[in-house]
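Here the structure comes first, spelled out in structure tokens, and everything after it is commentary.
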Amino acid sequence: MNTGSAPPPATRLETDILLVGLGPVGAALANLLGRYGVRVLAIDKANAIFEKPRAIALDNEALRILQMVGVRDGEFATVAIPEVQYRSPLFGRFARINSAGVIDGHPALVTFHQPELERLLRRKLAQFPGVEVRLGVELEGFVDDGQFVRACLKEATGQQIQVRAQYIVGTDGANSLVRRALGLEFEGRSFQQDWLIVDAIDVPEPIDHVEFTCCPRRPTPRMVAPGGRQRWEFMLRPGEKPEEMERPESVRRLLAPWCDSERIQIERTAVYRFHAREVKRFSKGRCFLAGDAAHITPPFAGQGLVAGLRDAANLAWKLAAVVRGQADEHILDSYDTERRPHAKKIIRLALLLGALVMPQNRATAFTVHGLMSLMRLLPAGRALFEDLKVKPQNTFDEGLFWRRHGSERLRAGSMLPQGWVRLATARSPVLSDDALGLQWALLGFGVDPAADLPASLLHRWQSAGGRVWQWCQRSQAQHLAPPERRLEAMDESLLPRRVPLGWVAIVRPDRCVLAEGPVADVEAMLERALELVAPPSSSPTSSAAATGARQVNNIQELQHAA
């Protein structure tokens, strides 16, 4: 006779998006979806954030995305990095990146403390009534039946939760269960070398920049970070065992050439093996991957977390538009089309910089660093690094946009430059992304783009979530739109440096330019944009909806394999 009590019935939940993994990429994506008014269930198997720092660098693109997420300037500590130096024992400084500028309203490069940013992003989730966070919860299995994703979750107590969601997004890191359950395995390679990461506090006379000492015996990057921190990364030599190199006496021995290692506080040590890998597809049916779940970037370019934030910005508005019925499901296919090629370019950049940082022997170091030193003698070669021209622009080759020959002032498929503007109804200037908000934008530069548009077309545009703006010259007094639709330019980020008067652009919520052209073409452009994004309901079902059902029941086995 079985006298044991029956297990409690499973809790049943419905949501728009099931988000698996609440690291910085997952938390940023949850905030964006929350700002769009989308219902989100965000889970993480850990009960708290990982308190030790991992990522350390953010560029202007990442800071702009965090601005979009709702992070205000100064809400988490950063240190602006004026330059990145590459030094060789043979040639001295053989390369330099000038990172002292401001791009799109943000520093070109900063360092930060990852736990502080993660705590901030999680706190911000509390402001969204539609975002529910459940920690200590694991994904056990899910079914994509073509209409919904039905998932089984398990709490630490053993209580099961049955979830029905419109979509699932895996932001659960490099060992993503979502990715492996979908059969989307990583391609690429791992570096054979292990690296010891050392974060220290109260370092006497810390550097104020990032510096790579590219010695073939032991390459050593080091950099400053907020809170009086400094990081070193030491490549381990053959025969050096990670557990031995992490001992306090070994760490202080490695630090001795750089500082008085007895006077500093070691905050964290860890040994990593870097990877350069990505999946063949960032999406499958109603399932999406973002961040390290989709691609892993070696740290030499400081782009690992940045790439994940780009994923979040690209995916969030598309999911929101579909969930709210403002766009057809086929726009979700553009997530993989746009993001995967750029992520691969960033990985290739990191591999290139890795070849500079860790030459395999003295002969390779002499050849590579010598050629870089010679390149610096030429203006074009020097600009390749110093002006960041080596970094791939975040411009899409294919995707949800179109280009027309002879009409490429802004280049559709790239990000709209951000500048300072003043609303006609306000006194203080703001960054243009804050003025435009998270909506679609029809921008007229010096002209009102809606002046001659049919009322029915404007209504369709507004129903799709679009707004209309006039980007005015400073103190422009004629040909003005109503005050509530005017942005007065306070710099030359767009007018007249990039676009002439009488130009119009259609800009997506992620600030990517969908299309551009003269104001005479605005009606045809807007018609085409609406057809592209929200075609008639009789259009063929997208590949995302047509994908066949997939049952995943063996995630426990995948967990053991991890």
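The values are calculated or read from the model by the stated rules, or taken from the named source; none is laboratory data. Keep in mind it's a predicted model, so treat the numbers as computed, not measured. Here the Cβ is made from the backbone with ideal geometry for all residues, glycine too, and neighbour counts use every protein chain on show. SASA here: full protein model, heavy atoms, side chains in, ligands and nucleic acids out. Shrake-Rupley method; radii C 1.70, N 1.55, O 1.52, S 1.80 Å.
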Around Trp402, what is the net charge, scoring Lys/Arg as +1 and Asp/Glu as -1 over all other residues with Cβ under 15 Å from its Cβ? -2
Under 14 Å from the Cβ of Leu121, count the other residues' Cβ atoms, weight Lys and Arg +1, Asp and Glu -1, and hand me the total. +2
Starting from the Cα of Lys280, draw a straight line to each of the aspartates and glutamates and keep only those under 20 Å, dropping any in the same chain fewer than 8 residues away. Asp144, Asp172, Glu185, Glu187, Asp292, Asp311, Asp333, Asp336, Glu338, Asp397, Glu398
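For segment 393-481, what is the accessible area per residue in Å² when the probe is 1.4 Å?
On the way: 4350 Å² over 89 residues.
About 49 Å² of surface per residue is accessible.
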Segment 368-373 - phi-based ³J(HN,Hα) in whole Hz, Karplus 6.51/-1.76/1.60, Gly and Pro as x: 5, 5, x, 5, 5, 5
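For segment 194-300, go through all pairs of different Cα atoms, get the mean of 1/r, take its inverse, and jot down that Kirkwood value in Å.
Numbers: mean 1/r = 0.0642 Å⁻¹.
Taking every pair of different Cα atoms in segment 194-300, averaging 1/r and inverting gives 15.6 Å.
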Going residue by residue through segment 321-331, the Karplus relation 6.51 cos²θ - 1.76 cosθ + 1.60 with θ = phi - 60° gives ³J(HN,Hα) values, rounded to whole Hz and with x marking Gly or Pro, of 5, 6, 4, 7, x, 9, 8, 7, 4, 5, 5
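So, for segment 203-277, what is the accessible surface per residue at a probe of 1.4 Å, expressed in square angstrom?
On the way: 3650 Å² over 75 residues.
Here the residues of segment 203-277 average 49 Å² of exposed surface.
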Given a Förster distance of 56 Å, the FRET efficiency implied by the Cβ-Cβ spacing of Glu527 and Val102, rounded to the nearest 0.05, works out to 0.90
Between segment 112-168 and segment 297-330, what's the alpha-carbon centroid distance in Å? 17 Å
Estimated FRET transfer efficiency when R0 is 56 angstrom, pair Ile207-Gln160 (beta carbons, to 0.05): 0.60
Taking a cut-off of 26 Å between Cα atoms, list the lysines near Lys52, but don't count ones fewer than 8 places away on the same chain. Lys124, Lys241
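Can you give the accessible area per residue of segment 278-347, in Å², using a 1.4 Å probe? Working shown, then result.
Working: 1500 Å² over 70 residues.
Accessible surface, normalised per residue, equals 21 Å².
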If you plug each phi of segment 97-112 into the Karplus form 6.51 cos²θ - 1.76 cosθ + 1.60 with θ = phi - 60°, what whole-Hz ³J(HN,Hα) values come out, in order, with x for Gly and Pro? 10, 7, 10, 7, x, 10, 10, 6, x, 9, x, 5, 7, 9, 9, 8
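If I stretch the segment between Arg362 and Glu249 completely, what's the gain in nm (0.36 nm per residue apart, minus their alpha carbon distance), one decimal? Provide the component values of the computation, followed by the final result.
Values: separation 113, 0.36 × 113 = 40.68 nm, distance 2.86 nm.
The span from Arg362 to Glu249 would gain 37.8 nm if fully extended.
Where does segment 337-480 land on the Kirkwood hydrodynamic radius, alpha-carbon pairs, in angstrom?
Numbers: mean 1/r = 0.0508 Å⁻¹.
For segment 337-480, inverting the mean 1/r across all distinct Cα pairs yields 19.7 Å.
What share of the DSSP beta bridges in the chain is antiparallel, in percent to the nearest 5? Walk me through the numbers before you get to the answer.
Values: 78 of 112 bridges.
For the chain, the DSSP antiparallel bridge percentage is about 70.
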With a 1.4 Å probe and every protein chain kept in, tell me what percent of the accessible surface of the chain is carbon plus sulfur. 50 percent
Grab the DSSP H runs of the chain that are 4 residues or longer, score each as -39,500 (n - 2.57), total them, divide by all residues and round the 222 nm result to the nearest 500 deg cm²/dmol. -8000 deg cm²/dmol
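Return the Rg/Rh value of segment 1-90, two decimal places, where both radii are evaluated on C-alpha atoms and Rh is the Kirkwood radius. Display every interim value, and only then the final one.
Numbers: Rg = 21.0 Å, Rh = 17.3 Å.
A ratio of 1.21.
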What net charge do the residues around Gly227 carry, taking every other residue with its C-beta under 14 Å from that of Gly227, with Lys and Arg at +1 and Asp and Glu at -1? 0
Write down, largest first, the equivalent ellipsoid semi-axes of the chain in whole Å, where each equals the square root of 5 times an eigenvalue of the alpha-carbon gyration tensor. 39, 34, 21
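What percent does the relative contact order of segment 1-74 come to when contacts are Cα pairs within less than 8 Å and at least six residues apart? Could you put the intermediate results ahead of the total?
Numbers: 47 pairs, mean separation 22.7, N = 74.
After rounding, I find 31 percent.
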So how long is each side of segment 80-218 along the principal axes, counting just the alpha-carbon atoms, biggest first, in Å? 61, 39, 32
